[in-house]
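To start, the structure under review is shown below, and the notes come after it.
The values are calculated or read from the model by the stated rules, or taken from the named source; none is laboratory data. From a predicted model like this one, the values you see are computed outputs, not experimental measurements. Virtual Cβ from ideal backbone geometry, glycine too; neighbours counted across all protein chains shown. Ligands, DNA and RNA are stripped out before the accessible areas are found, and what is left, the full protein with its side chains, is counted by its heavy atoms. Shrake-Rupley method; radii C 1.70, N 1.55, O 1.52, S 1.80 Å.
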Amino acid sequence: MTQRINIVLFGIGKTGSALINKAVKSRKDLVIDEQIDLRFPVITNSSVAFFEKEGAKYSWEANFIQFGIPFKLEDVVEYVQANKLSNLVAVDATGNADFVRQYAGLVKSGFNLVSINETLNSLHPDFETELLRTAFNRGLDYNFINLPKGNDASAANELFEAILAIAQKRKAVA
(Lines give C-alpha, C1' and ligand atoms only; values in the text may rest on other atoms or scores of the structure.)
Protein backbone atom coordinates (compact mmCIF):
# COMPACT_ATOMS: atom_id res chain seq x y z
CA MET A 1 0.00 0.00 0.00
CA THR A 2 1.35 3.40 -0.97
CA GLN A 3 1.91 5.81 1.91
CA ARG A 4 0.99 9.40 1.04
CA ILE A 5 3.06 12.08 2.77
CA ASN A 6 1.60 15.58 2.67
CA ILE A 7 4.34 18.19 2.78
CA VAL A 8 3.52 21.77 3.65
CA LEU A 9 6.48 23.79 2.45
CA PHE A 10 7.20 27.12 4.10
CA GLY A 11 9.76 28.91 1.93
CA ILE A 12 9.76 28.63 -1.85
CA GLY A 13 13.17 30.23 -2.36
CA LYS A 14 16.12 28.41 -3.87
CA THR A 15 16.16 25.60 -1.30
CA GLY A 16 12.39 25.12 -1.32
CA SER A 17 12.31 25.07 -5.11
CA ALA A 18 15.19 22.58 -5.22
CA LEU A 19 13.28 20.35 -2.76
CA ILE A 20 10.14 20.40 -4.93
CA ASN A 21 12.16 19.64 -8.06
CA LYS A 22 13.89 16.72 -6.33
CA ALA A 23 10.58 15.32 -5.09
CA VAL A 24 8.94 15.64 -8.50
CA LYS A 25 11.90 13.98 -10.26
CA SER A 26 11.92 11.15 -7.70
CA ARG A 27 8.15 10.71 -7.50
CA LYS A 28 7.71 7.79 -9.89
CA ASP A 29 10.59 5.76 -8.43
CA LEU A 30 9.43 6.45 -4.86
CA VAL A 31 5.91 5.27 -5.62
CA ILE A 32 7.08 2.12 -7.42
CA ASP A 33 10.10 1.17 -5.30
CA GLU A 34 9.24 2.53 -1.85
CA GLN A 35 5.43 2.86 -1.99
CA ILE A 36 5.80 6.49 -0.87
CA ASP A 37 3.84 9.30 -2.53
CA LEU A 38 5.17 12.78 -1.68
CA ARG A 39 2.61 15.55 -2.16
CA PHE A 40 2.79 19.32 -1.69
CA PRO A 41 -0.78 20.42 -0.92
CA VAL A 42 0.41 23.80 0.44
CA ILE A 43 3.43 25.87 -0.58
CA THR A 44 4.14 29.31 0.87
CA ASN A 45 6.51 32.18 0.77
CA SER A 46 6.56 34.79 3.53
CA SER A 47 3.21 36.33 2.67
CA VAL A 48 1.21 34.19 0.24
CA ALA A 49 0.29 30.54 -0.07
CA PHE A 50 -0.74 28.18 -2.82
CA PHE A 51 -3.29 25.57 -1.87
CA GLU A 52 -3.66 22.50 -4.06
CA LYS A 53 -6.87 22.78 -6.02
CA GLU A 54 -9.52 20.16 -5.51
CA GLY A 55 -9.40 17.43 -8.14
CA ALA A 56 -6.15 18.66 -9.67
CA LYS A 57 -2.93 16.88 -8.86
CA TYR A 58 0.25 18.91 -8.49
CA SER A 59 -1.45 22.15 -9.49
CA TRP A 60 0.29 24.90 -7.62
CA GLU A 61 0.79 28.14 -9.47
CA ALA A 62 4.16 29.59 -10.37
CA ASN A 63 3.30 33.28 -10.14
CA PHE A 64 2.96 34.37 -6.50
CA ILE A 65 1.91 37.91 -7.38
CA GLN A 66 -0.93 36.89 -9.68
CA PHE A 67 -2.23 33.74 -7.97
CA GLY A 68 -1.00 33.80 -4.37
CA ILE A 69 -3.44 34.02 -1.50
CA PRO A 70 -2.43 35.96 1.62
CA PHE A 71 -2.43 33.56 4.54
CA LYS A 72 -1.94 33.05 8.23
CA LEU A 73 -0.69 29.83 9.76
CA GLU A 74 -4.23 29.14 10.98
CA ASP A 75 -5.38 29.07 7.33
CA VAL A 76 -2.92 26.30 6.57
CA VAL A 77 -3.98 24.26 9.61
CA GLU A 78 -7.67 24.74 8.71
CA TYR A 79 -6.97 23.66 5.12
CA VAL A 80 -5.26 20.41 6.10
CA GLN A 81 -7.97 19.63 8.65
CA ALA A 82 -10.82 20.45 6.25
CA ASN A 83 -9.24 18.22 3.61
CA LYS A 84 -8.53 15.46 6.16
CA LEU A 85 -4.86 15.34 5.19
CA SER A 86 -2.73 12.96 7.21
CA ASN A 87 0.97 12.15 7.43
CA LEU A 88 1.74 15.84 7.56
CA VAL A 89 5.27 17.19 7.33
CA ALA A 90 5.89 20.91 7.75
CA VAL A 91 9.16 21.91 6.11
CA ASP A 92 10.67 25.23 7.15
CA ALA A 93 13.05 26.35 4.42
CA THR A 94 12.91 29.97 5.59
CA GLY A 95 15.18 32.08 7.72
CA ASN A 96 12.24 33.71 9.50
CA ALA A 97 12.80 34.06 13.27
CA ASP A 98 9.11 34.72 13.94
CA PHE A 99 8.05 31.55 12.14
CA VAL A 100 10.19 29.39 14.45
CA ARG A 101 7.95 30.42 17.33
CA GLN A 102 5.04 28.75 15.50
CA TYR A 103 6.66 25.30 15.59
CA ALA A 104 4.92 24.12 18.76
CA GLY A 105 1.54 25.00 17.26
CA LEU A 106 2.35 23.03 14.11
CA VAL A 107 3.39 19.97 16.11
CA LYS A 108 0.29 20.26 18.31
CA SER A 109 -1.76 20.35 15.09
CA GLY A 110 -0.31 17.02 13.97
CA PHE A 111 2.64 18.06 11.82
CA ASN A 112 5.99 16.33 11.78
CA LEU A 113 8.55 19.09 11.40
CA VAL A 114 11.77 19.41 9.42
CA SER A 115 13.68 22.69 9.52
CA ILE A 116 16.80 24.31 8.18
CA ASN A 117 15.89 27.65 9.76
CA GLU A 118 19.19 28.73 11.28
CA THR A 119 17.54 31.21 13.65
CA LEU A 120 16.94 28.19 15.89
CA ASN A 121 20.61 28.41 16.83
CA SER A 122 19.97 31.75 18.55
CA LEU A 123 17.15 30.46 20.77
CA HIS A 124 17.50 29.05 24.24
CA PRO A 125 18.28 25.29 24.15
CA ASP A 126 15.13 24.63 26.20
CA PHE A 127 13.06 25.71 23.18
CA GLU A 128 14.25 22.76 21.12
CA THR A 129 14.12 20.38 24.09
CA GLU A 130 10.47 21.25 24.70
CA LEU A 131 9.69 20.97 20.99
CA LEU A 132 11.28 17.51 20.85
CA ARG A 133 9.28 16.46 23.92
CA THR A 134 6.02 17.73 22.40
CA ALA A 135 6.69 15.92 19.12
CA PHE A 136 7.67 12.69 20.90
CA ASN A 137 4.55 12.76 23.09
CA ARG A 138 2.41 13.02 19.95
CA GLY A 139 4.26 10.31 18.05
CA LEU A 140 5.70 12.84 15.65
CA ASP A 141 9.17 13.72 14.44
CA TYR A 142 11.11 16.94 14.71
CA ASN A 143 14.38 17.34 12.84
CA PHE A 144 16.57 20.44 12.66
CA ILE A 145 19.22 20.22 9.97
CA ASN A 146 22.15 22.54 10.64
CA LEU A 147 23.84 23.19 7.30
CA PRO A 148 26.44 25.66 6.11
CA LYS A 149 24.95 28.66 4.31
CA GLY A 150 24.72 28.90 0.57
CA ASN A 151 24.45 25.29 -0.54
CA ASP A 152 20.83 25.06 -1.64
CA ALA A 153 21.19 21.69 -3.39
CA SER A 154 22.74 20.14 -0.28
CA ALA A 155 20.03 21.65 1.91
CA ALA A 156 17.32 20.32 -0.40
CA ASN A 157 18.91 16.85 -0.34
CA GLU A 158 19.07 16.86 3.47
CA LEU A 159 15.43 17.98 3.70
CA PHE A 160 14.42 15.29 1.20
CA GLU A 161 16.22 12.57 3.17
CA ALA A 162 14.62 13.73 6.44
CA ILE A 163 11.17 13.61 4.80
CA LEU A 164 11.86 10.11 3.49
CA ALA A 165 12.92 8.98 6.97
CA ILE A 166 9.61 10.25 8.36
CA ALA A 167 7.74 8.54 5.50
CA GLN A 168 9.45 5.23 6.26
CA LYS A 169 8.43 5.50 9.93
CA ARG A 170 4.81 6.29 8.99
CA LYS A 171 4.81 3.37 6.56
CA ALA A 172 6.09 1.00 9.25
CA VAL A 173 3.35 2.09 11.63
CA ALA A 174 0.55 1.83 9.06
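A few points about this structure:
- Modelled FRET efficiency - R0 25 Å, K25 with Q81, Cβ distances, 0.05 increments: 0.25
- Between the range 20-34 and the range 97-174, the C-alpha centres lie 21 angstrom from each other.
- Average accessible surface area per residue within the chain, 1.4 Å rolling probe, Å²: 54 Å²
- Mean residue ellipticity at 222 nm, helices only, the chain: -13000 deg cm²/dmol; runs of at least 4 DSSP H residues each add -39,500 (n - 2.57), and the sum is divided by the number of residues.
- Atom-type composition of the exposed protein surface of the chain places 51 percent of the accessible area on carbon and sulfur (1.4 angstrom probe).
- The distance between label points at A165 and V48 comes to 3.5 nm (points 7 Å beyond Cα on the Cα→Cβ vector).
- Pairwise Cα inverse-distance average, inverted: Kirkwood Rh of the chain (Å): 16.3 Å
- Given charges at Cβ of Lys, Arg, Asp, Glu: the chain dipole, positive-most of L147, L106, L131: L106
- For the range 123-174, the list of trypsin sites (Lys or Arg not before Pro) that fall in a loop by DSSP and count at most 13 other C-beta atoms within 10 angstrom reads K149.
- Counting 0.36 nm for each residue step from D37 to H124 and taking away their Cα separation leaves a gain of 27.7 nm.
- Protein-only accessible surface order, largest first, of R27, R39 at 1.4 Å: R27, R39
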